[in-house]
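K.L.:
Before I ask anything, here is the structure I am working with.
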Amino acid sequence: MHNQHINSIAIIGAGTMGNGIAHVCALSGFPVRLMDRSIEQLKIARQMIEKNLKRMAQKQRITPDQVHSTLARIQSYTDIKQAIVDVDIIVEVVPEQISVKKAVWNEIEQEIDPKRLKQTIFATNTSSISISALAQELIFPENMIGMHFFNPVPVMSLVEIILGEKTSEKTFKTVERLTSNLGKTPIRVHDFPGFVSNRILMPMINEAIYALYEGVAEKEAIDQVMTLGMAHPMGPLRLADFIGLDVCLNIMKVLHKGFQDDKYSPCPLLIEMVDEGHLGNKTGHGFYTYTV
Ligand code: CAA
C-alpha cells in the first residue's frame, strides 16, 4: 500500500496542543500554516513556540540556528481558506466538542480547492471524539483519521493514530510515516470510546480522586505512591490538574456513556471541582494551587 508524500501542513487551532504540534512539525522541516480566529491566540502560540525552542537550545538539544529556521517555517493565519491553500494534510486541533469540530470540517470542505479535496488528509487531534462520527458527513470519510498527540507535545513521543470505520489504509500509512518523520512513535488503534490511552489513563485518575474523596490518603501521598512506587513522572492528581479537570470529567462521561458501565462513573469530587471552576493549572486551582 503506497503512502502519499506530505510537503506542507495546516494546523487549525493554536491553543496548547496546536502550538505544540506546530512546534514539532516545523522543527522537523515542514512548512506550517497555523490558523486561529484570534490574533491574540496566534501571538501567544508564537511566544510559546519560541520559548520552548529556546529552552531546547539552552539544553543543547537543538542549535540557535534551528530556533530561527523553525520559527521562519511557521506562517500564521486568521482565515481558514488562506490557511489550507495547497497543503497535503490539515490537522484540526479545536476544542473537544463534536459540534465545534464538525463545523470546522464543514467549513474546510467548503473552502478547500475542490481539485485538492480528494487527496488532502483530514486529521483530528482528539482525546475522546469518535473519528467515525466526525467523518460521517464528509465527502471523503476515507481521508479522515485521528492523530492524538500528548502534552507537552515536544516532549511526549507517542501519537495514538485512530482509524475510523472508513479510514483508508493509504491514509493510515501516510499519517504513520508523517508521525515517524516528526520523530514520534505512531501506535495504531481503533475507534472505541477513549481509544487506548484514555480508556486506561482516565479510570486511573478517577480512582485516585476516589481515594482522596474517601480519605484513603492526602493528595501528596496518593501522588507519591504512584511516582515513587510506579515510576510515573507525575502523580495522577497532579496530572489531572495538568490535563484540566474539565477535560478529565468530559472523558469519563464519554467512557460512561460509550460503554454504559457504571465502573466509569466520574467521582463526585471531580464533578464538584469542575462545577466550582477549579480546573487545575489553567485556572490556578485544582488539587494543588498554581500561579496562572
Ligand atoms: N517544550 C519543550 N521541552 C519541554 C517542554 C515543552 N513544552 N516541557 C518540558 N520540556 C523538557 C524540558 O526542557 C526537559 O528537558 P531535558 O530532559 O532535556 O532536561 C524535560 O522536558 C523535562 O522537563 P522538566 O525538567 O521541566 O520537568 P519534569 O522533569 O518535571 O518533566 C513533564 C515535566 C515532561 C511534563 C513530566 O512531568 C511528564 O512527562 N509528565 C507526564 C505528562 C503526561 O502524562 N502527559 C500526557 C497527558 S495526557 C494527554 O496529553 C492527552 C489526553 O488525551 C488527556
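K.L.:
For I139 and K81 in one chain, what is 0.36 nm times their gap in residues minus the Cα-Cα distance, to one decimal in nm?
P.N.:
Length difference between fully extended and current span is 19.1 nm.
K.L.:
Once you put a point 7 Å from the Cα of A231 and another 7 Å from the Cα of V292, both along the Cβ direction, what distance in nm separates them?
P.N.:
3.8
K.L.:
Moving to a separate point now. Taking Cα atoms, how many degrees apart are the long axis of helix 219-230 and the longest axis of the chain, rounded to 10 and kept between 0 and 90?
P.N.:
Its long axis makes an angle of about 70 degrees.
K.L.:
Mean-square fluctuation check for the chain, GNM, Cα pairs under 10 Å: which of K51, K43, K59 is largest?
P.N.:
K59
K.L.:
Report the longest stretch of the chain that contains none of the GluC sites (Glu not before Pro) sitting in a DSSP loop with at most 15 other Cβ atoms within 10 Å.
P.N.:
Counting at most 15 other Cβ atoms within 10 Å as exposed, the longest clean stretch of the chain is 1-136.
K.L.:
Given a 1.4 Å probe, how much area per residue of region 199-283 is accessible, in Å²?
P.N.:
Result: 54 Å² per residue.
K.L.:
What pairs from K101/K282; K219/K263; K54/K101 go past 26 Å between their alpha carbons?
P.N.:
Pairs exceeding the cut-off: K54/K101.
K.L.:
Another question, if that's okay. Of Y290, Y264, which has the most accessible area and how do the rest follow, probe 1.4 Å?
P.N.:
If we order Y290, Y264 from most to least accessible, we get Y290, Y264.
K.L.:
So, one more: I want to verify the translational diffusion coefficient of region 73-165 in µm²/s; compute it with Stokes-Einstein, Rh as the Kirkwood radius over Cα pairs, at 37 °C and 0.692 mPa s.
P.N.:
Rounded to a whole number, D works out at 237 µm²/s.
K.L.:
Tabulate in residue order the Karplus-calculated ³J(HN,Hα) for region 52-60, using 6.51 cos²θ - 1.76 cosθ + 1.60 with θ = phi - 60°, rounded to whole Hz; enter x for Gly and Pro.
P.N.:
Once θ is set to phi - 60°, the couplings for region 52-60 become 5, 5, 5, 4, 5, 5, 4, 8, 6 Hz.
K.L.:
Still on this structure, please answer the following. Please give the length that would be gained between K170 and E220 if that part of the chain were fully extended, namely 0.36 nm times their separation in residues minus their C-alpha to C-alpha distance (nm, one decimal).
P.N.:
Full extension from K170 to E220 adds 13.3 nm.
K.L.:
Helix 245-259: angle to the longest alpha-carbon principal axis of the chain, degrees 0 to 90, nearest 10?
P.N.:
With both axes taken from Cα atoms, the answer is about 90 degrees.
K.L.:
Please give, to one decimal in nm, the separation of the simple spin-label points placed at K59 and I200, each 7 Å out from Cα toward the Cβ.
P.N.:
If labels sit at K59 and I200, their model points lie 2.3 nm apart.
K.L.:
Please find the FRET efficiency linking Q260 to S69, where r is the Cβ-Cβ separation and R0 is fixed at 51 Å, and quote it to the nearest 0.05.
P.N.:
0.50
K.L.:
Here's a follow-up. Counting only Cα atoms, I'd like the Rg/Rh figure for region 156-292, Kirkwood definition for Rh.
P.N.:
1.03
K.L.:
Run the quick spin-label model on N3 and R116: label points 7 Å from Cα toward the beta carbon, then report their separation in nm to one decimal.
P.N.:
Between N3 and R116, the label points sit 2.1 nm apart.
K.L.:
Another question about this same structure. Roughly speaking, to the nearest percent, how much of the chain's 1.4 Å accessible area is carbon and sulfur?
P.N.:
53
K.L.:
Okay, helix-only estimate at 222 nm for the chain: each DSSP H run of n ≥ 4 adds -39500 (n - 2.57), divide by all residues, round to 500 deg cm²/dmol; what do you get?
P.N.:
For the chain, the value works out to -14500 deg cm²/dmol.
K.L.:
Sorted by average packing, counted as other Cβ atoms within 10 angstrom per residue and highest first, what order do 10-18, 65-73, 118-126, 226-234 take?
P.N.:
10-18, 118-126, 65-73, 226-234
K.L.:
Charges on Cβ only, +1 for Lys and Arg, -1 for Asp and Glu, centred on the Cα centroid of the chain; of I271, H68, M252, which one is farthest towards the dipole's positive end?
P.N.:
Selected residue: H68.
K.L.:
First check a/c for region 9-190, with a ≥ b ≥ c the square roots of the eigenvalues of its C-alpha gyration tensor; if it is under 1.5, answer rounded, and if not, answer prolate when a/b is larger than b/c or oblate otherwise.
P.N.:
prolate
K.L.:
Please compute the length gained on full extension between L158 and E50, using 0.36 nm multiplied by the number of residues separating them and subtracting their Cα-Cα distance.
P.N.:
Extending this stretch completely gives an extra 36.6 nm.
K.L.:
Might you tell me the accessible area per residue for region 9-190, computed with a 1.4 Å probe and given in Å²?
P.N.:
46
K.L.:
Given Cβ point charges of +1 (Lys, Arg) and -1 (Asp, Glu) and nothing else, what value in debye, to the nearest 20, does the dipole of the chain about its Cα centre take?
P.N.:
Dipole magnitude for the chain comes out near 1060 debye.
The values are calculated or read from the model by the stated rules, or taken from the named source; none is laboratory data. In this text the structure is predicted, and so the values were computed from the model without any measurement. Here Cβ is always computed from backbone atoms with ideal geometry, including for glycine, and neighbour counts include all displayed protein chains. Areas reflect the complete protein model, heavy atoms only, side chains present, ligands, DNA and RNA absent. Shrake-Rupley method; radii C 1.70, N 1.55, O 1.52, S 1.80 Å.
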